[in-house]
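A.B. asks: Attaching a single structure in structure tokens format; questions to follow.
The values are calculated or read from the model by the stated rules, or taken from the named source; none is laboratory data. In this text the structure is predicted, and so the values were computed from the model without any measurement. Cβ atoms come from the backbone with ideal geometry, glycine included; neighbour counts cover every protein chain shown. Just so you know, the surface numbers come from the protein's heavy atoms only, side chains and all, with ligands and any DNA or RNA stripped out. Shrake-Rupley method; radii C 1.70, N 1.55, O 1.52, S 1.80 Å.
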Amino acid sequence: MTLLEIDTVHKRYGQHDALCGLTLTVGRGEIVTLLGASGSGKTTLLRLVAGLERVDSGRIVLNGALVDAPGTQGLPPEKRRLGMVFQDYALWPHLTALDNVALPLRVRDGRDAHRHALRMLERVGLGGLEERCPHELSGGQQQRVALARALAVRPRLLLCDEPLSSLDAGLREELRELIGSVVREHGLSALTITHDRREALALADRVGVMEAGRLLQIDTPRELWRHPHCEAVARFTDAFGPWSAQIEGGSLHAPWGACLLSSGPTKAPPDGSVRLYLRAQALRLEAPTHALWQARARVLSSVVTGAGVELRCDLHGVTLRLPIAEALPVGAELVLAIDPAQSLLYSHGTEQESLSA
Ligand code: ADP
Ligand code: MG
């Protein structure tokens, strides 16, 4: 069942189209996460859903009721029953954690407000810290207060705009798990924004990729990573490329060699030029076997990361970033084994011609 329906929504600021006929739904109990470059319209979309902005055309339906469309009054934000968490916490600096959570509740719940606020603070792991003011709390703790406040109003839908982006990695993971578990245990829906692909993968039932006010694709994380419908989504989901390739008589000619197109379940792309993308999983540094493509790459740099080394190497004009155990000397040549079955191929337009089974 659909909780939120955003139907062909257009939003313009002056001469600039922030959203261009965007359509998106969020089901009951579903977590939808939006990815997209800065300026692609993600915050605008959330502000429209929240009722902080009005649509220029299209409509927004929440819980079966029309809440925004041109020529209507529009349901004001406070009547939409939404919880909101933004990047910059937006806590009242002079109020304690408890009052920050309880204040929006007072009107609604009367004297139960404090008790309920306390429960929510305990739920987000802040039991005992309720009398502290924001400046006496760490960034992660402040964001927990903001989350408790958003959840305390018992929202139907939680809206999160990059709530974790100002936190460091460990805290981010912890809070992401907290948001996921709280949303699920209360049977809430959530529409969240992040620029962190790992966060999107870990949290979301469906992930949408936005570009220039449009939703390019929305799918389960698995489907999005396996079958990006267009090159922009392939790039956004960390595929390497493009390389120019040719399809001729059932063979795929990549810059490093040709191979027969497998007769898998997906239809073979027509003859002609294609652009080829590959994911890291399709590339191996091990000794290649005869069944695979082999290609020579040149080491550009080795960057030490927490877990190991990220190797940057050039493969026919495209820079690859691959995790390896030990640094390799700059300029060294290495032979990569490439699995052609994992090729992502795009001909003209945005249609995907994928070889992967
Ligand atoms: P994102 O959150 O994906 O980074 P935004 O939704 O904030 O993107 O912005 C989308 C586009 O709309 C940007 O080009 C931005 O400059 C523009 N924009 C957003 N809000 C306003 C505003 N209040 N006035 C004018 N332009 C705006
Ligand atoms: Mg934004």
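A.B. asks: Out of all the residues in the range 36-78, which are assigned to a loop (DSSP other than H, G, I, E, B) and away from ligand 1 (no atom under 16 Å from the Cβ)?
C.D. replies: Correct list: Asn63, Gly64, Ala69, Pro70, Gly71, Thr72, Gln73, Gly74, Leu75, Pro76.
A.B. asks: Here's another thing I want to ask about it. Kindly check whether there is at least one residue in the range 144-164 that is free of Cβ contacts under 8 Å to residues at least 40 places away in the same chain, within 25 Å of Thr2 (Cβ to Cβ), small (Gly, Ala, Ser) and not in a strand (DSSP E or B).
C.D. replies: Taking the range 144-164 and keeping what is free of Cβ contacts under 8 Å to residues at least 40 places away in the same chain, we get 144, 164.
Subset that is within 25 Å of Thr2 (Cβ to Cβ): none.
No, every residue in the range 144-164 fails to be free of Cβ contacts under 8 Å to residues at least 40 places away in the same chain, within 25 Å of Thr2 (Cβ to Cβ), small (Gly, Ala, Ser) and not in a strand (DSSP E or B).
A.B. asks: A further question follows. Does Ala18 count as more than 23 Å from Ala204 (Cα to Cα), of a type in the set (A, V, I, L, M), within 12 Å of ligand 1 (Cβ to nearest atom) and in contact (Cβ under 8 Å) with a residue 60 or more places away in the chain? Show your work before the answer.
C.D. replies: Working: more than 23 Å from Ala204 (Cα to Cα): yes; of a type in the set (A, V, I, L, M): yes; within 12 Å of ligand 1 (Cβ to nearest atom): yes; in contact (Cβ under 8 Å) with a residue 60 or more places away in the chain: yes.
So Ala18 passes the test.
A.B. asks: Let me ask something else about it. Answer yes or no: is there a residue in the range 211-220 that is modelled with pLDDT of 95 or more, buried (at least 19 other Cβ atoms within 10 Å of the Cβ) and polar (S, T, N, Q).
C.D. replies: yes
A.B. asks: Which condition number in (1) under 21 Å from the mean Cα position of the chain (by Cα); (2) crowded, with 20+ Cβ neighbours inside 10 Å; (3) on the phi < 0 side of the Ramachandran plot is the one that Gly140 fails?
C.D. replies: Unmet condition: (2).
A.B. asks: A follow-up question, please. Among the candidates Glu162, Glu174, Glu231, single out the residue that is on the phi > 0 side of the Ramachandran plot and not β-branched (Val, Ile, Thr). Write out each step before concluding.
C.D. replies: Values: Glu174 fails: on the phi > 0 side of the Ramachandran plot; Glu231 fails: on the phi > 0 side of the Ramachandran plot.
Checking each option against the conditions leaves just Glu162.
A.B. asks: I'd like to check something: does the range 86-98 contain any residue that is acidic (Asp, Glu), assigned to a loop (DSSP other than H, G, I, E, B), within 16 Å of ligand 1 (Cβ to nearest atom) and under 30 Å from Asp238 (Cβ atoms)?
C.D. replies: From the range 86-98, those acidic (Asp, Glu) are 88; that's our starting set.
Filter once more, keeping what is assigned to a loop (DSSP other than H, G, I, E, B): 88.
The next check asks that each one be within 16 Å of ligand 1 (Cβ to nearest atom); those that pass are 88.
In the following step, the residues that additionally are under 30 Å from Asp238 (Cβ atoms) were identified as 88.
Yes, the range 86-98 has at least one match.
A.B. asks: Among the numbered criteria (1) on the phi < 0 side of the Ramachandran plot; (2) open to solvent by 60 Å² or more (accessible area, probe 1.4 Å), which single criterion is violated by Thr8?
C.D. replies: Thr8 satisfies every listed condition except (1).
A.B. asks: Scan the range 74-124 for residues that are crowded, with 17+ Cβ neighbours inside 10 Å, under 23 Å from Asp161 (Cβ atoms) and either within 16 Å of ligand 2 (Cβ to nearest atom) or over 32 Å from the mean Cα position of the chain (by Cα) (or both) and jot them down.
C.D. replies: Within the range 74-124, Met84, Val85, Phe86, Gln87, Tyr89 meet the criteria.
A.B. asks: When the range 42-73 is examined, which residues are found to be open to solvent by 10 Å² or more (accessible area, probe 1.4 Å) and within 16 Å of ligand 2 (Cβ to nearest atom)?
C.D. replies: Those that are open to solvent by 10 Å² or more (accessible area, probe 1.4 Å) and within 16 Å of ligand 2 (Cβ to nearest atom): Lys42, Thr43, Thr44, Arg47, Leu52, Glu53.
A.B. asks: Right, another one. Checking Glu136 against (1) at pLDDT 90 or above; (2) within 16 Å of ligand 1 (Cβ to nearest atom); (3) of a type in the set (Asp, Glu): exactly one of these is not met. Which one?
C.D. replies: Among (1) at pLDDT 90 or above; (2) within 16 Å of ligand 1 (Cβ to nearest atom); (3) of a type in the set (Asp, Glu), Glu136 violates only (2).
A.B. asks: Among (1) β-branched (Val, Ile, Thr); (2) within 16 Å of ligand 2 (Cβ to nearest atom); (3) outside any strand (DSSP E or B), there is one condition Thr33 misses while meeting the rest; what is its number?
C.D. replies: The number of the failed condition is (3).
A.B. asks: Hey, another quick one. Having 3 or more residues that are over 30 Å from Val49 (Cα atoms) and of a type outside the set (A, V, I, L, M) is the bar; report the strands (runs of 3 or more DSSP E) wholly within the range 172-290 that clear it. Show your work before the answer.
C.D. replies: Details: elements: 189-193, 206-211, 214-219, 240-248, 251-254, 257-260, 272-278.
Once the strands (runs of 3 or more DSSP E) in the range 172-290 are filtered for at least 3 residues that are over 30 Å from Val49 (Cα atoms) and of a type outside the set (A, V, I, L, M), what remains is 240-248, 272-278.
A.B. asks: Filtering the range 272-286 down to residues that are over 18 Å from Ser251 (Cα atoms) and in contact (Cβ under 8 Å) with a residue 60 or more places away in the chain, which residue is least open to solvent (accessible area, probe 1.4 Å)?
C.D. replies: If we filter the range 272-286 for residues that are over 18 Å from Ser251 (Cα atoms), which is where we start, we get 279-286.
Adding the requirement that they be in contact (Cβ under 8 Å) with a residue 60 or more places away in the chain leaves 279, 281-282.
Numbers: Arg279: 20, Gln281: 106, Ala282: 2 Å².
Among them, the one singled out is Ala282.
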